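What follows is a short report on a single structure.
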Amino acid sequence: MSILGTRVLRTEDPRFLTTGGVYTEDVVDDRLAGACHVFFVRSPLAHARINGIDVSATLSAPGVIAAYSGADLADLPAIPPMMSGLINAEMTRRLLAIDKVRYVGEPVAVVVTEHPYQGEDAIELVAIDYDPMPPVLGFELPADAPLLFEAAGTNVAGELGNESSLQPDLFDGCEVVVSRTIVNQRVAPAPMETRAAAAAWSTDGRLTAWIPNQGAQGTRAELAELLGLDQSQVRVITPDVGGAFGAKFGADPEHAVVAWVARRLGRPARWTETRYENLISMTHGRGQQHTITIGGSRDGDVRAYRLQIIQDAGSYPRIGAILPYLTIMMTTGPYDIPRAEAIAKSVVTTTTPVGAYRGAGRPEATAAIERAMDLFAAEIGVDPAQVRRKNLLPAFAQPHRTAFGALYDTGDYVAGLDKALEAAGYAQLRKEQADRRASRDVRQLGIGLSSYVEITGMGDGPESPPTENASVEVHPDGTATILTGTSPHGQGHATAWAMLASDELGIPVEKITLKWGDTDLIPEGGGTGGSRSLQQGGAAVQQASRELLEVARERAAASLEANQADLVFDRTRSAFAVAGDPEASVPLSDLAAAERLVVRTVFSAPGATFPFGTHVAVVEVDTETGKPTLLRMITVDDAGVVLNPLLAEGQRHGGIAQGAAQAFVEEVVYDADGNPLTASFADYPFLSATEVPSFELAEMQTPTTYNPLGVKGIGEAGTIGATPAVQNAVIDAVAHLGVRHIDMPATSRRVWQALREAAALSGSEDT
Amino acid sequence: MTRIELTVNGEQRSAEVEPRLLLVHYLRETCGLRAANVGCDTTSCGACTVLLNDVSVKSCTVLAVQAAGMSVTTAEGLAPDGELHPVAAAFRQNHGLQCGFCTPGMVMAAVSLLAENPHPTEEEVREGLEGNFCRCTGYHNIVASVLDAADVLDPGGTRAAGVSA
Ligand code: FES
Ligand code: FES
């Protein structure tokens with residue numbers, strides 16, 4: 001029986017459960033012996049000119065080895081914005097700010113000490129003379145807002161379409177049109193392991209950098225660019241990574257500064273950021289404002305939809321600035337809407353830069369259309385499940401091209417919706433809701449839906465096929481090693497990739513070792529993100545294993561003096577045998593002993609895949625206090641074939657929790673001066689175990705044909721489906737009291753306010 | 001500098017420490033026991049949880065000198081022979097860990113919770129672990145692990161009224 005599809009326990013766990021993972025801060029290595037410690041002096045102001053920096057006082061503080069400011073690094077090139085073709089190329093930054101700071105937390109100087117305890121005190125002694133400027137905050141910036149980048153002449157980082165490209169007659173013929181501006185708020189990725197780096201230079205001028213990341217090869221490329229080096233001069237090693245969620249792709253300025261310090265001092269250097277630094281200086285996620293307009297017939301046919309996006313890119317445009325591109329691609333989601341259009345604008349503000357966060361651009365699209373569906377359903381007084389069913393694309397087996405250029409591979413959205421409704425006991429829930437409404441229960445029940453389709457495993461662009469490489473080697477002792485260009489940080493690749501090789505090679509999972517994240521060992525790779533790993537990296541492992549068997553078959557034929565065609569591979573013995581004569585056999589390990597048995601391959605997929613599903617959230621809202629409680633989460637997440645249900649479920653659970661957290665708990669907040677008010681775990685409302693229930697997962701598997709495994713990505717489904725389901729549920733709980741919308745996070749205070757406003761409105765109508 | 005004597009994972013230790021040295025840094029840097037992690041600077045996340053005289057504490061909030069004369073158990077100490085402790089084994093069985101960063105602290109918190117309440121309800125587990133953050137698992141499988149561990153550690157026992165599992 002094949003091991004694929006079974007609940008294989010993780011081979012990586014015993015290590016994590018005994019000595020703990022070896023994260024960057026835990027790395028003990030000769031090359032790092034005698035390392036100094038780097039501390040960043042960060043801007044306390046959102047927007048200011050720097051008149052001068054004086055590090056002299058800190059130099060005499062205990063243990064201080066050196067201190068540097070931007071001027072010391074001025075010979076390094078200015079860092080262009082990510083995707084400078086799409087983004088205003090004048091919006092550049094420096095590793096350490098030189099004449100201006102543009103967000104609270106921007107690195108301005110570094111102090112290097114002998115011991116980690118000395119840095120916190122020493123950075124206080126760096127004197128910086130700032131000339132404060134007005135902050136720039138929000139989505140709709142006033143025309144006279146000060147410019148973050150004078151040379152750019154604008155605070156608009158980039159645009160995809162604009163108001164003048166909108167069709168004035170888009171909603172003609174619609175009986176009902178609803179429009180609303182809503183906010184998909186900024187949140188903190190907050191992996192439990194903060195950012196870190198350790199750097200050492202060898203005598204031949206080569207850098208070795210240990211950095212928690214999502215793909216060593218991409219991190220090497222960015223680190224080399226930041227330091228003005230050739231990639232061949234940089235080796236990146238990925239220790240265990242304590243969560244990433246999109247925010248650990250590539251390299252940040254801090255990583256490059258640590259490497260620069262190590263070179264300058266001729267001594268290895270280390271840095272681990274504090275949680276305070278992490279919350280103000282690791283990229284944030286989301287941060288979009290949506291103006292949604294939806295129109296259709298009174299009986300629930302949606303005929304037209306418009307999405308206008310403003311992305312708050314933060315101070316320096318990074319990937320967040322272009323994520324609206326993905327949001328636009330997924331504008332209509334799983335629905336068949338005859339007329340739809342979307343435009344986007346990214347603006348820079350004096351806040352932490354925005355990057356990718358679990359889902360990256362797609363949760364925003366789903367949140368917008370799912371809120372629109374509910375607003376439309378409420379307006380026409382039809383059950384939201386019915387409105388969805390009526391407008392979902394019918395099941396398709398041939399790829400479906402949307403008006404926004406996405407090519408959905410396979411899908412059966414109505415089946416996903418029905419399955420979720422059935423698992424939730426939807427009719428019964430609506431009945432219970434009606435009873436509570438009728439009895440004016442203080443605790444009202446809300447049921448929220450979200451049907452989604454998302455894009456996973458996208459290549460570099462819509463037309464470039466996604467690829468990933470893998471090597472598989474069988475050793476003379478019967479063990480095997482896999483090298484992968486993907487980069488696990490909790491997903492369980494070591495187990496999953498071993499299952500794939502084991503299934504082909506007949507070598508037990510425990511005897512297969514996975515290696516990743518060392519650019520000298522594995523020079524190429526796309527890393528792990530965008531839910532790409534299994535469908536491309538896993539498929540590559542299977543392909544490499546199969547190719548290895550072909551090489552082995554040839555050698556076995558020679559060794560057994562038989563025809564290749566007469567050989568059968570016996571998985572139970574991991575050996576080739578002559579058909580009809582099992583005695584005449586040779587195990588892979590013997591072939592490996594005779595000659596190294598290794599294959600490297602590149603798997604190439606025809607395109608991205610499109611997982612889909614429906615989430616149902618059930619919440620209770622205390623109408624006196626406004627407090628929402630999430631009672632149940634029922635989800636269908638169809639990501640094609642499931643390789644290891646244990647791991648797939650884990651991905652769903654984590655995503656659902658993060659998605660729910662955005663809906664009713666988490667938000668990054670700035671005050672009117674641009675000061676972050678959520679700069680510690682005492683202030684950032686990180687989701688805890690008491691705020692979510694156990695989740696109810698329903699199964700559905702619609703295979704893709706884009707890889708032989710039939711798998712799509714599962715890593716981000718949770719955050720894409722759960723957020724709008726929970727938000728819709730909170731609103732649904734109080735909809736009968738006149739509430740149509742509550743922005744996220746739908747906290748007690750916001751719900752209470754919405755209830756008060758609705759009551760005031762109905763009161764004034766009564767009189 | 002102050003001299004302290006304490007027991008770490010059953011081993012007698014004595015060290016000269018700075019008065020401001022945190023227990024977590026003593027364990028990580030001086031003892032080389034790096035399972036406990038630092039995840040925050042406000043005593044919020046629990047990644048640093050260890051047992052002090054068998055009760056869970058956040059070792060980022062305890063000074064090394066305060067542990068003088070006491071016995072400290074870290075995740076490493078739960079598995080002296082490399083054999084998984086029943087609570088750790090339940091975490092593996094139920095996929096209660098992903099990236100592993102919160103895990104040593106989470107397991108120690110769970111051990112302490114089960115010592116206090118051998119048969120907690122799901123709600124009691126969630127309340128007991130409120131001070132331990134996890135970004136990966138959504139807590140679902142962590143809660144399942146702890147409930148499972150309770151059954152393994154004391155198979156005959158029964159959960160308090162209001163059973164939910
Ligand atoms: S590090 Fe101790 S509670 Fe966060
Ligand atoms: S397993 Fe990653 S933080 Fe808990």
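Each residue of region A:163-177 was assigned a 3J(HN,Hα) from its phi angle through the Karplus curve 6.51 cos²θ - 1.76 cosθ + 1.60 (θ = phi - 60°); the sequence is 3, 6, 8, 6, 7, x, 9, 4, 9, 4, x, 7, 6, 10, 10 Hz, with glycine and proline shown as x. Scanning the protein assembly as shown for cysteines with no neighbouring cysteine C-beta under 4.7 angstrom from their C-beta gives A:Cys36, A:Cys174, B:Cys31, B:Cys99, B:Cys136.
The Kirkwood radius of region A:467-604, taken over pairs of alpha-carbon atoms, gives through the Stokes-Einstein law at 4 °C and 1.567 mPa s a diffusion coefficient of 86 µm² s⁻¹.
Distance between the pseudo-spin-label points of A:Asp131 and B:Glu29 (7 Å out from Cα toward the beta carbon): 4.1 nm.
Per residue, the solvent-accessible area of chain A (1.4 Å probe, heavy atoms of protein chains only, all protein chains present) comes to 35 Å². Taking the longest Cα principal axis of chain B as reference, the axis of helix B:103-116 is set at about 70 degrees. Surface calculation, 1.4 Å probe, protein heavy atoms: A:Arg389 sits at approximately 100 Å² accessible. The value of relative contact order for chain A, using C-alpha pairs under 8 Å at least six residues apart, is 15 percent. Calculate for chain A the 222 nm mean residue ellipticity that helices alone would give, adding -39,500 (n - 2.57) per DSSP H run of length 4 or more and normalising by residue count, nearest 500 deg cm²/dmol. Helix-only estimate at 222 nm: -8500 deg cm²/dmol.
Rounded to a whole number, what % of the accessible area of chain B do carbon and sulfur atoms account for, probe 1.4 Å?
Working: 3120 of 6330 Å².
In chain B, the share of accessible area belonging to carbon and sulfur is 49 percent.
Amide H to amide H, with H built 1.01 Å from N, A:Thr349 comes under 5 Å of A:Ala313, A:Gly314, A:Ser315, counting only residues 5 or more places away or on other chains.
Could you state how much accessible area is buried at the B-A interface, both sides summed, with a 1.4 Å probe, in Å² to the nearest 100?
Numbers: alone 8510 and 28780 Å², together 33020 Å².
For B against A, buried area totals roughly 4300 Å².
Hydrodynamic estimate: the Kirkwood radius of region A:587-636 over Cα pairs, inserted into Stokes-Einstein at 4 °C and 1.567 mPa s, corresponds to D of 76 µm²/s. Take the alpha carbon gyration tensor of chain A, find the square roots of its eigenvalues, order them as a ≥ b ≥ c, and report rounded if a/c is under 1.5; if not, report prolate when a/b exceeds b/c, else oblate. In terms of gyration-tensor shape, oblate.
Oblate is the label for region B:1-51, because the ratio a/c of its alpha-carbon gyration tensor axes (a ≥ b ≥ c) is 1.5 or higher and a/b is not greater than b/c.
How would you classify region A:246-355 from its alpha-carbon gyration tensor, with a ≥ b ≥ c the square roots of the eigenvalues: rounded for a/c under 1.5, else prolate if a/b is greater than b/c, otherwise oblate? Show your work: numbers first, answer last.
Working: a/c = 3.85, a/b = 3.56, b/c = 1.08.
Prolate is the answer for region A:246-355, as a/c is 1.5 or above and a/b outweighs b/c.
Using a probe of 1.4 angstrom, how much of the accessible area of region A:1-139 is carbon and sulfur, in percent?
Values: 3310 of 5930 Å².
The C+S portion of the solvent-accessible surface of region A:1-139 is 56 percent.
Across the options A:Val302, A:Thr219, A:Pro488, the greatest Cα extent toward the positive end of the charge dipole of chain A (unit charges at beta carbon of Lys, Arg, Asp, Glu) belongs to A:Val302. Taking amide H as placed 1.01 Å from N in the peptide plane, the amide H of A:Ala340 sits under 5 Å from that of A:Tyr305, each at least 5 places away or on another chain. Taking all protein chains together and rolling a 1.4 Å probe, B:Glu130 ends up with roughly 90 Å² accessible.
Placing a label point 7 Å from the Cα of A:Asp172 along the Cα-to-Cβ line, the residues of region A:298-330 whose backbone N sits under 18 Å from it are A:303-306.
Let me check something: with ligands and nucleic acids excluded, how do A:Glu422, A:Glu163, A:Glu667, B:Glu16 order by accessible area (1.4 Å probe), largest to smallest? Show your work: numbers first, answer last.
Values: A:Glu422 150, A:Glu163 130, A:Glu667 45, B:Glu16 95 Å².
Correct descending sequence by accessible area is A:Glu422, A:Glu163, B:Glu16, A:Glu667.
Close amide H contacts of A:Ala48 (hydrogens built in the peptide plane, cut-off under 5 Å, sequence separation of 5 or more or a different chain): A:Val101, A:Met133. For region B:77-92, the Karplus equation 6.51 cos²θ - 1.76 cosθ + 1.60, evaluated at θ = phi - 60°, returns couplings of x, 6, 10, x, 9, x, 6, 6, 4, x, 5, 5, 4, 5, 5, 5 Hz by residue, with Gly and Pro reported as x. Would you give the gap between the C-alpha center of region A:302-372 and the C-alpha center of region B:117-139, rounded to a whole Å? Value for the Cα centre distance between the two parts: 35 Å.
Taking the centroid of alpha carbons for each part, region A:647-696 and region B:71-114 are 24 Å apart.
A simple spin-label model places the labels of A:Glu554 and B:Asp151 5.3 nm from each other, with each point 7 Å out along Cα-to-Cβ. Here's the picture: a label point sits 7 Å out from the Cα of A:Val22 along the beta-carbon direction, and within region A:501-524 nothing has its amide nitrogen under 11 Å of it. Checking the Cα-Cα distances for A:Lys431/A:Lys712; A:Lys419/A:Lys712; A:Lys248/A:Lys712; A:Lys511/B:Lys58; A:Lys390/A:Lys712 against a 30 Å cut-off, the pairs over it are A:Lys431/A:Lys712; A:Lys511/B:Lys58.
Computed 3J(HN,Hα) for region A:326-341, one whole-Hz value per residue from the Karplus formula 6.51 cos²θ - 1.76 cosθ + 1.60 where θ = phi - 60°, is 6, 4, 4, 4, 9, 3, 8, x, x, 9, 9, 10, x, 10, 8, 8, glycine and proline marked x.
Each label point was placed 7 Å from the Cα along the Cα-to-Cβ direction; for A:Arg443 and A:Ala33 their separation is 6.3 nm.
A loss of 20 Å² or more of accessible area (1.4 Å probe, protein heavy atoms, ligands and nucleic acids excluded) relative to the isolated chain is seen in these residues of region B:41-65: B:Asp41, B:Thr42, B:Ser44. Put the Cα centre of region A:199-252 next to the Cα centre of region A:427-464 and the gap is 41 Å.
The values are calculated or read from the model by the stated rules, or taken from the named source; none is laboratory data. These numbers come from a predicted model, not from an experiment. FYI the Cβ positions are ideal-geometry reconstructions off the backbone, even for glycines, and counts take in every protein chain you see. Quick note on the areas: whole protein, heavy atoms, side chains included, nothing else; ligands and nucleic acids left out. Shrake-Rupley method; radii C 1.70, N 1.55, O 1.52, S 1.80 Å.
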